[in-house]
Amino acid sequence: MSDKYCIYLRKSRKDDDLHSETIEETLKRHRKTLLELAECQKLNVTKIYSEIVSGETINDRPEMQKLLRDVEQGKWRGVLVMEVERLARGDTTDQGRVAKAFKYSETLIITPNKIYDPTNEFDEEYFEFGLFMSRRELKTITRRLQEGRKRSVLEGKYVGNIAPYGYKRVKLKNEKGYSLKVLPEEANIVKMIFEWYTIGEKQADGTHKRLGVSLIAKRLNELKILPRKKGTWTASSVRNILKNPVYIGKVRWFWRKTQKKLINGELIVKRQNSEKHIITDGLHKGIIDKKTFELAKKIMKKNTTRPIRERNTIQNPLAGLIKCGICGRNMIRRPYNNYPDTLICLTTSCKNVSSSLHLVEEKIIEGIKNWISDYKLQWQIKNTSKQSTNITFNVTRKSLAKLNKEIKTLHLQQSNLDDLLEQKIYDVEKYKKRANILNKKLKKAEENYKKLQIIIKGYEKEKKRKIIVPQVEKIIETYYALPTPQAKNDLLKDVLEKVIYTKNQSGRWHTSPDDFELILYPRLPCSTRKYQNSQNKH
Ligand SMILES: [Zn+2]
């Protein structure tokens, strides 16, 4: 049997009653006590397991897992711990596992008060009872702790572990608990954030331009001002500052209910924001005046009531596609509460009459349909002899390569000619004569090259058309099944360059709802031809 001992350190909720201590301070104190105990009893301690994280279950406590593994392997004669309860608290399964590990390996538990021998029947009972007690106690302690926090908040103390941006957490003199001290440098940033949000950023002309949360975050990052936690500011971190009443000298406390769920044998703890909360005057100084804070709150409320989708996505499937046939400006969607959306020209003096957006959309799809069947027909006539086209294409390509070579040779001859003149092998007269012939040859070759290139391009376009027709057909098929205006808009923009809309018929729109003219400009290789879609003429 091993004659070695180890120490297991873990901060317990009980230690939280000593508000002033950090986890490191607590563990240091316990370590000293247990080392003294070991020395006094002449126990050979060779290892200290120090749990820095606090978790309810063994799974949450990495050092405990290591200790248990070692105990199960009989590595230790005994484990020194402040209280038996430190080993397992909260969960019955965990407690059973701990009790078994110690019992089967016959490992002693040594606390400053008592030595437990798991092989001793009486001790075993005591041991298990101790763990059972700790389980019951946990609930009481949790409640007591929450009550304690609540009381602290009511006294104006700061109960959070981390001070908000702009503050430092300071221990209160002569009493339990903490308050906040202003950090001037960070406080200035807080003031700036509130100013940007409520009054705005000063412009060159002396006026102010108000900034939204995203822009404030961007500006701060540009100024290389670092936030506390993450690397950069985000809209939400700015929003949290603007919303935090700590900056007008308040303290708040949320009762955060934790929801526990057992998933795959693991305890999943979810925190929920509860509506139950306390806001009260804090012992600390505010950074922002109440008026500014309330103004920020008002602005934020106004901005958050607007639904997000309105700002981010297109609501108009025809957005950016329809041009006014009279003034040339983009036609836009105007939503109404009781009418269907309307397509209008915003130019005040423009005489173009608006239409129902839905009708225009339908006509465009119909127009594409008509146009594609015409296009297909033309294309089929052109391509009656598909095979010969391919042969011509290949021959042309070869000729092009040949010509390219020839042009290169001619350029080389030209530079050789220059050399001959320079070396005085050719006199000027002879040089001129030869250069003339070369230039003529080069010019002709280059002309031919251009001609062939145009032919090749034509063939390539033809090839593209073969792909485009089924593509467009597919688009028309799927258009109405698309889920969002944005998706529809993307599709239409793939097929159409623009659509020109004109409606001269004045009077109420419902008397002649679709009496408008649309000219479609398909986005296609070699398609300068426009397609006119003006039906329903009376
Ligand atoms: Zn117009």
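Annotations
- Selection of region 67-93 for residues being closer than 20 Å to residue 111 by Cα and assigned to a helix (DSSP H, G or I) yields 67, 68, 70, 71, 72, 84, 85, 86.
- Taking every residue in region 33-47 that is assigned to a strand (DSSP E or B) and pairing it with any residue that is surrounded by 12 or more Cβ atoms within 10 Å (Cβ to Cβ) and among the aromatic types (Phe, Trp, Tyr), at least 6 positions away or on another chain, the pairs with Cβ-Cβ distances below 8 Å are 44/5; 45/5; 46/5.
- Output for region 149-188, where each listed residue is buried (at least 17 other Cβ atoms within 10 Å of the Cβ), touching a residue at least 24 places away in the same chain (Cβ under 8 Å) and assigned to a helix (DSSP H, G or I): 149, 152, 153, 187
- Just so you know, in region 192-208 the residues that are of a type outside the set (Gly, Ala, Ser) and modelled with pLDDT of 85 or more include one that is farthest from residue 298 (Cα to Cα), and it is 192.
- Of the numbered criteria (1) modelled with pLDDT under 75; (2) open to solvent by less than 70 Å² (accessible area, probe 1.4 Å), the one residue 526 fails is (2).
- Qualifying residue in region 211-221 (condition: without any contact (Cβ under 8 Å) to a residue 24 or more places away in the chain and surrounded by fewer than 14 Cβ atoms within 10 Å (Cβ to Cβ)): no
- Listed by first and then second residue, the pairs with beta-carbon distance under 7 Å, at least 6 apart or on different chains, first residue in region 59-71 and within 14 Å of residue 99 (Cβ to Cβ), second among the small types (Gly, Ala, Ser), are 68/101; 71/101; 71/105.
- Every condition in (1) at pLDDT 75 or above; (2) among the acidic types (Asp, Glu); (3) not in a helix (DSSP H, G or I) holds for residue 275 except the one numbered (1).
- Within region 57-66, tally of residues that are part of a loop (DSSP other than H, G, I, E, B) and surrounded by 19 or more Cβ atoms within 10 Å (Cβ to Cβ): 1
- The set of residues in region 56-80 being under 12 Å from residue 9 (Cα atoms) and more than 46 Å from the chain's Cα centre (by Cα) consists of 79, 80.
- Contacts under 6 angstrom Cβ, first residue in region 231-249 being closer than 11 Å to residue 194 by Cβ, partner exposed (fewer than 14 other Cβ atoms within 10 Å of the Cβ), 6 or more apart: 248/290
The values are calculated or read from the model by the stated rules, or taken from the named source; none is laboratory data. The model shown is predicted, which means the values in this text are computed figures rather than measured ones. Positions of Cβ are generated from backbone atoms using ideal geometry, with glycine treated the same way; all protein chains shown enter the neighbour counts. Accessible surface areas use protein heavy atoms only, side chains included; no ligands, DNA or RNA. Shrake-Rupley method; radii C 1.70, N 1.55, O 1.52, S 1.80 Å.
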